[in-house]
Amino acid sequence: MPEKNPPSSNVFEVDRVRQLVELMNECDMAEVDLRQGDQRIHLRKKQDLVATAMAAPLAPVASAAAPAPAASPAAQPAAAAEAAPPANAAFITSPMVGTFYSSANPESPPFVKVGDQVGPETVVCIVEAMKVFNEIPADCSGKIVKVLVENGDAVEYGQKLFQVEK
């Protein structure tokens with residue numbers, strides 16, 4: 001009886017994993033999920049987690065060797081204002097995992113920029129998922145006050161892309 005998964009095709013071989021990581025870097029892929037028979041390997045770049053965390057304000061981290069300096073009283077109100085968006089703020093979020101593009105192609109201007117007025121049907125960006133370019137509508141009305149991601153960034157489901165002032 002032939003062997004179901006010959007040893008040479010083991011997806012968990014170190015050289016095979018190394019090749020997959022190199023391929024991910026060369027092709028600018030954020031994630032790979034492969035299945036072979038009953039074996040599976042799922043690789044995701046750590047930078048995706050960093051990109052998601054960068055969309056939210058970062059808290060200072062203190063180390064045992066050098067404690068973080070305390071924020072001056074003048075800086076605290078500014079930090080509080082950044083942490084809590086205004087009451088009239090809305091956010092346009094990513095409806096899927098993919099790659100964020102601010103324009104239709106590299107030569108085109110961005111769909112929207114800070115200061116632009118948008119309506120519910122206004123296309124604000126494209127999120128590429130599995131080689132499909134999905135136009136993302138604003139789904140709200142107002143003025144774009146912040147673009148929270150960079151062109152070409154990997155985005156997660158529900159990640160905030162734009163802040164809109166209603």
Task: Over 16 Å [Cα-Cα, region 85-165], rounded percent - done: 44 percent
Task: From phi via Karplus (6.51, -1.76, 1.60), per-residue ³J(HN,Hα) for region 84-93 in Hz, x at Gly/Pro - done: 10, x, x, 4, 8, 8, 10, 10, 9, 10
Task: In order through region 104-110: 3J(HN,Hα) via Karplus (6.51 cos²θ - 1.76 cosθ + 1.60), integer Hz, x for Gly, Pro - done: 5, 7, x, 8, 7, x, x
Task: Point-charge dipole on Cβ atoms (K/R +1, D/E -1) for region 87-166, about Cα centre, debye to 20 - done: 200 debye
Task: Net +/- balance of residues flanking Phe100 in space, Cβ distance below 10 Å, scoring K and R +1, D and E -1 - done: -3
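Read-outs: derived from the displayed coordinates by stated rules, not from any lab. Since the structure is predicted, the reported quantities are computational estimates derived from the model, not experimental observations. Cβ atoms come from the backbone with ideal geometry, glycine included; neighbour counts cover every protein chain shown.
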